[in-house]
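Everything on this sheet refers to the single structure shown next.
Taken together, the values in this text are just the output of simple stated rules run on the coordinates, not laboratory data. Predicted model, so just to flag it, every value in this text is computed and none were measured. Using ideal geometry, Cβ is built from the backbone for each residue, glycine included, and neighbour counts are taken over all protein chains shown.
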Amino acid sequence: MKLKKLVFLFLLSLIITPCLFAQKISYTYDSAGNRISRQYVVELRSATVPKAEGIDSTSVETFLDDLSVSVYPNPTKGALAVKVTNVPKDKKVSMKLYSPQGVQLQSINVQDGITQVNMFSYPSGWYILRVHVGEKTIEYKIIKE
């Protein structure tokens with residue numbers, strides 16, 4: 001019975017591990033172009049939204065009438081948080097994420113509070129995030145590392 005549990009846990013770890021960790025190999029070269037070292041890097045992927053405290057240097061806050069929009073962290077590694085406060089009851093707020101080529105990647109309806117934009121599956125580069133409030137639009141350039 002213990003063997004079955006161990007096999008099950010091992011198989012489960014094989015499935016879950018690639019989802020939680022990003023793995024890459026980093027090489028170092030000398031001035032002649034010869035590879036002198038190899039470093040195996042494992043990064044923990046977090047699908048949770050970062051806390052608002054302590055990241056003032058990466059947060060961008062914009063005011064539109066009474067509405068406040070904060071986007072952080074920028075640059076991001078995949079989890080982008082958009083904090084919207086003071087949404088007027090008569091206004092609809094939505095977000096759209098676009099690729100550099102202008103292709104719409106996501107469309108999200110927004111309520112008061114923090115909304116997460118999952119960018120883990122997109123390649124590194126820049127993106128445009130448009131926040132629509134009624135007839136008005138706020139644009140942000142988002143950098144994904």
- Quick one: which residues, 5 or more positions from Gln106 or on another chain, have an amide H under 5 Å from its amide H? H modelled 1.01 Å from N in the peptide plane, none for Pro or chain starts. Leu97
- Note on the structure: Note, segment 69-84: 3J(HN,Hα) by Karplus (6.51, -1.76, 1.60, θ = phi - 60°), whole Hz, Gly/Pro = x, goes 10, 10, 10, 7, x, 9, x, 10, 9, x, 9, 9, 10, 10, 9, 10
- Note on the structure: For the table Lys89/Lys144; Lys4/Lys144; Lys92/Lys144, the rows whose alpha-carbon distance is greater than 30 Å are Lys89/Lys144; Lys4/Lys144
- Listed highest first by mean packing, meaning other Cβ atoms within 10 Å per residue, what order do 97-105, 129-137 come in? 129-137, 97-105
- P(r) of segment 79-131 in 5 Å steps, Cα pairs, percent per bin? 4, 19, 29, 22, 14, 8, 3, 0
